[in-house]
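Undergrad: The structure follows.
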Amino acid sequence: MNTYQIAVVVGSLRKDSFNHQLANGLAKLAPAHFSFTHLSIGDLPLYNQDDDAQPAESVKRLKAGISAAHGLLFVTPEYNRSIPGVLKNALDHASRPYGQNAWSGKPAGVLGASIGAIGSAMAQQHLRNVLAYLDAPTMGQPEAYIHVREGLFDGQGNIGAGSVALLQNWMDHYVAWVEKLAG
């Protein structure tokens, strides 16, 4: 059985981010042959094409983490009906310079949590649009728009009982997606 390394990109920098908790809880639902590494995006400089020839160490680290991964897991909140700026900045950095797109060909899963009733639906759609352009094949179904409510997580950081069936189904499909595309 192959072992799969998954690069996790969380679109929130907040210390107590629901999306960090969701990413950690999801990893616990994956089979043992899947391992998850969170990629840091908070220390990336703002993307500037003038820096393409000599990228910052944080950009090199991001691209190396993506290149080492068999798949991608994006977990993002929704800010003003779109993806957070820090996530867009990371997407831009790792896709540049032209011809050196680290995201290309990496199977991706997208989901997110928000206190809003639509649970990051617009952010996920915008992210899917960007990933399509970046040639990162993204799992289409099932979708998971998580509305943060009491009980989403238990005291140990696991997915709460009321959400575990939905998210286990999502994870099972994601595992099959990565295994199919990353072989």
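Undergrad: Consider region 131-147. How many of its residues are within 19 Å of residue 12 (Cβ to Cβ) and either touching a Pro at 6+ places or on another chain (Cβ under 6 Å) or surrounded by fewer than 18 Cβ atoms within 10 Å (Cβ to Cβ) (or both)?
TA: 1
Yes/no per residue for (1) under 18 Å from residue 74 (Cβ atoms); (2) touching a Leu at 6+ places or on another chain (Cβ under 9 Å):
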position	(1), (2)
123	yes, yes
129	yes, no
140	yes, no
149	no, no
161	no, no
165	no, no
181	yes, no
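Undergrad: A follow-up question, please. If you scan region 20-64, which residues turn out to be of a type in the set (Ser, Thr, Tyr) and out of contact with any Pro (no Cβ under 8 Å at 6 or more places or on another chain)?
TA: 35, 37, 40, 47 - these are the residues of region 20-64 that are of a type in the set (Ser, Thr, Tyr) and out of contact with any Pro (no Cβ under 8 Å at 6 or more places or on another chain).
Undergrad: Still on this structure, please answer the following. Looking at residue 130, is it in a helix (DSSP H, G or I), among the aliphatic types (A, V, I, L, M) and without any contact (Cβ under 8 Å) to a residue 60 or more places away in the chain?
TA: Yes: the conditions hold for residue 130.
Undergrad: Within region 154-171, is there a residue that is more than 30 Å from residue 51 (Cα to Cα), under 14 Å from the mean Cα position of the chain (by Cα) and either of a type in the set (A, V, I, L, M, F, W, C) or at pLDDT 95 or above (or both)?
TA: yes
Undergrad: Here's another thing I want to ask about it. I want to confirm something. Restricting to region 70-87 and keeping residues that are more than 24 Å from residue 171 (Cα to Cα) and either out of contact with any Phe, Trp or Tyr (no Cβ under 8 Å at 6 or more places or on another chain) or polar (S, T, N, Q) (or both), which single residue is surrounded by the fewest Cβ atoms within 10 Å (Cβ to Cβ)?
TA: The selected residue is 80.
Undergrad: When residue 118 is evaluated against the numbered criteria (1) assigned to a loop (DSSP other than H, G, I, E, B); (2) at pLDDT 95 or above; (3) β-branched (Val, Ile, Thr), which criterion, by number, is the only one it fails?
TA: (2)
Undergrad: Being touching a Phe, Trp or Tyr at 6+ places or on another chain (Cβ under 8 Å) and free of Cβ contacts under 8 Å to residues at least 40 places away in the same chain narrows it down to one residue among 160, 151, 155; which is it?
TA: None of the others qualify; the one that does is 160.
Table: residues versus (1) surrounded by fewer than 16 Cβ atoms within 10 Å (Cβ to Cβ); (2) among the aliphatic types (A, V, I, L, M); (3) within 26 Å of residue 66 (Cβ to Cβ).
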| residue | (1), (2), (3) |
| --- | --- |
| 149 | yes, no, no |
| 170 | no, no, yes |
| 179 | no, no, yes |
| 183 | yes, no, yes |
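Undergrad: Can you find a residue in region 128-137 that is at pLDDT 90 or above and either over 16 Å from residue 87 (Cβ atoms) or among the acidic types (Asp, Glu) (or both)?
TA: Yes: region 128-137 contains one or more residues that are at pLDDT 90 or above and either over 16 Å from residue 87 (Cβ atoms) or among the acidic types (Asp, Glu) (or both).
The values are calculated or read from the model by the stated rules, or taken from the named source; none is laboratory data. All values reported here derive from a predicted model rather than from experimental measurement. Neighbour counts are summed over all protein chains in view; Cβ atoms, including those assigned to glycine, are modelled from backbone coordinates with ideal geometry.
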